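The values are calculated or read from the model by the stated rules, or taken from the named source; none is laboratory data. Predicted, not measured: the structure shown is a model, and the values here were computed from it. Please note: Cβ atoms are built from the backbone with ideal geometry, for glycine as well, and neighbour counts cover all protein chains shown.
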Amino acid sequence: MNKKFNVTGMTCSACSANVEKSVRKLNGVNSVNVNLLSNSMTVDYDDTVSNDAQVIHAVENAGYGASVYS
Ligand code: 9UX
């Protein structure tokens, strides 16, 4: 599934790279795309393997914040 999240706390391109790297490590993640300018992220992942909360935790572990985009 492809899901969009809001990401908080990113101020430079290394921040977005940190977020991408952390989320990409999650099991079941096929692709991650972080947009620094719009503070958003789309994640293509298998939701039978990981879930939204785990994606959010991965962002938090990298030192940023996330929520499901709505
Ligand atoms: Mo850039 Mo982000 O110098 O946590 S890496 S501000």
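Go through region 57-70 and report how many residues are touching a residue at least 60 places away in the same chain (Cβ under 8 Å) and more than 16 Å from the ligand (Cβ to nearest atom).
So the first thing to find is which residues in region 57-70 are touching a residue at least 60 places away in the same chain (Cβ under 8 Å), and the list is 66-69.
Restricting the remaining residues to those that are more than 16 Å from the ligand (Cβ to nearest atom) gives 67-69.
So the answer is 3.
Among the residues in region 31-51, are any among the small types (Gly, Ala, Ser), out of contact with any Asp or Glu (no Cβ under 9 Å at 6 or more places or on another chain), buried (at least 17 other Cβ atoms within 10 Å of the Cβ) and at pLDDT 95 or above?
Yes.
Across region 5-23, which residue is farthest from SER70 (Cα to Cα) among those that are exposed (fewer than 14 other Cβ atoms within 10 Å of the Cβ) and not polar (S, T, N, Q)?
Within region 5-23, the match that is farthest from SER70 (Cα to Cα) is ALA14.
Tell me which residues, restricted to region 1-56, are out of contact with any helix residue (DSSP H, G or I) (no Cβ under 8 Å at 6 or more places or on another chain), without any contact (Cβ under 8 Å) to a residue 40 or more places away in the chain and within 15 Å of the ligand (Cβ to nearest atom).
Answer for region 1-56, where residues must be out of contact with any helix residue (DSSP H, G or I) (no Cβ under 8 Å at 6 or more places or on another chain), without any contact (Cβ under 8 Å) to a residue 40 or more places away in the chain and within 15 Å of the ligand (Cβ to nearest atom): THR11, CYS12, SER13, ALA14, SER16, ALA17, GLU20, LEU37, ASN39.
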